[in-house]
1. Might you work out the accessible area of Thr152 for me, using a 1.4 Å probe with all protein chains in place, and round it to the nearest 10 Å²?
2. I want to verify the translational diffusion coefficient of the chain in µm²/s; compute it with Stokes-Einstein, Rh as the Kirkwood radius over Cα pairs, at 20 °C and 1.002 mPa s.
3. Give the span of region 1-89's Cα atoms along each principal axis, as three whole-Å numbers ordered largest to smallest.
4. Taking the inverse of the average 1/r across all pairs of different Cα atoms in region 82-134, what Kirkwood radius in Å do you get?
5. Tell me, what is the per residue accessible area of the chain in Å², probe radius 1.4 Å?
6. Taking all protein chains as present, what is the carbon and sulfur share of the accessible area of the chain, in % to the nearest whole number, probe 1.4 Å?
7. Give me the compactness ratio for region 58-147, meaning the Cα radius of gyration over 2.2 N^0.38 Å.
8. Checking the table Lys25/Lys77; Lys34/Lys186; Lys93/Lys194; Lys89/Lys131 against a 26 Å threshold on Cα-Cα, which pairs fail?
Amino acid sequence: MDIMEIMKQRHSVRQYKDQAIEPEKKNEINACIKEINAESGLDIQIFYNEPKCFDSFMAHYGKFSNVKNYIAIVGKKEDQEKAGYYGEKLVLKCQELGLNTCWVAMTHGKSKAEIERGQKLLIIISLGYGKTQGVPHKSKSIVELGKADQSTEWFDRGMEAVSLAPTAVNQQKFQLELKNGKVTAKNLGGFYSKIDLGIVKYHFEAVTGHEVK
């Protein structure tokens with residue numbers, strides 16, 4: 001399936017069915033995580049059939065239910081953008097496999113992630129078969145999210161992908177710019193905005209093949 005189509009189909013899902021993830025899908029996710037960890041230097045860990053992390057007041061407050069699988073992205077404090085970039089690669093892989101996900105900042109309990117000295121838990125992603133497929137988020141216009149000194153089909157397509165990127169509290173606190181053939185992304189501040197910027201960069205690069213600085 002085309003990566004843009006996967007992005008269009010993927011929405012945040014917080015309520016899950018009591019349905020186990022099949023071994024063959026686990027194998028694909030595990031292989032993807034191993035590859036990402038080797039490439040990125042992150043320490044992404046996945047937990048299957050582990051309901052305790054989301055059996056907490058904060059998780060219920062966040063309207064999560066029946067979350068039994070989750071991905072913990074562990075790394076250095078300065079790895080937040082990297083966590084967003086590679087985490088979204090993983091999220092879209094899970095979507096391609098027919099699973100649902102949600103980025104979770106604080107509305108979860110204690111995870112089982114092993115955290116070494118100098119590391120921290122950067123963010124968690126819930127995972128499983130959703131009771132629904134979720135709904136599209138409201139997005140700012142592409143004009144608000146990016147600007148260009150020339151009109152190109154690839155930049156427009158990249159910006160469409162960027163508009164589909166999930167961000168914390170749907171704040172979209174970023175802006176992309178195409179100038180002299182180079183694309184740069186600017187963080188406009190806000191809650192978890194460094195992770196958001198990584199997610200946005202992955203969307204743009206995966207669709208266009210053009211690097212974002």
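The values are calculated or read from the model by the stated rules, or taken from the named source; none is laboratory data. Source: prediction; values computed, not measured. Please note: Cβ atoms are built from the backbone with ideal geometry, for glycine as well, and neighbour counts cover all protein chains shown. What goes into the accessible areas is simple: the full protein's heavy atoms, side chains included, and nothing from ligands, DNA or RNA. Shrake-Rupley method; radii C 1.70, N 1.55, O 1.52, S 1.80 Å.
1. It works out to around 20 Å².
2. 122
3. That gives 34, 34, 26 Å along the principal axes, largest extent first.
4. 12.4
5. 51
6. Carbon and sulfur together cover 50 percent of it.
7. Against the compact-globule rule of thumb, the ratio is 1.21.
8. Pairs exceeding 26 Å: Lys25/Lys77; Lys34/Lys186.
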